[in-house]
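Taking it in order: structure first as structure tokens, then the write-up.
The values are calculated or read from the model by the stated rules, or taken from the named source; none is laboratory data. Because the structure is predicted, anything quoted here is derived from the model rather than measured. Note: ideal-geometry Cβ built from the backbone for every residue, glycine included; neighbour counts use all protein chains shown.
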Amino acid sequence: MTKVDANGNFVFVHPDDVALPEEKAYLNYVLDLINKRRFGSRYTKEQLDKMKRDRDLNYFLVPLMKAEFESESYGKNLTKSFKKRINVFNPKELLDESRKAL
């Protein structure tokens, strides 16, 4: 029910593109919930429905954020996580991480 588009964005699949009615109902519910919180009172229900109909990328983006050190190190070797955290202060590492993000 998710995919990576041609630009590398992690997005939800459009509800009309799934076969099972249960998946369609779930996607409609999740997308409505996420986008009500994402766009708040800036958009009306009609505007959000139009974004969905027009397959606007902003409507289908999966909300992700970078992990904090605590959650990143959970289940990993703590030493590896700490070294990675220290390398963030290394300019070369910052540049490499920025390039990966783009």
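A compact table of results
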item	result
Members of region 1-47 found to be surrounded by fewer than 14 Cβ atoms within 10 Å (Cβ to Cβ), closer than 16 Å to Leu57 by Cα and of a type in the set (Ser, Thr, Tyr), listed by number	Thr2
Which listed residue is touching a His at 6+ places or on another chain (Cβ under 9 Å), part of a helix (DSSP H, G or I) and either more than 29 Å from Lys100 (Cβ to Cβ) or charged (D, E, K, R) (or both), from Lys24, Lys52	Lys52
Residue match in region 62-69 (condition: modelled with pLDDT under 90, surrounded by 11 or more Cβ atoms within 10 Å (Cβ to Cβ) and assigned to a helix (DSSP H, G or I))	yes
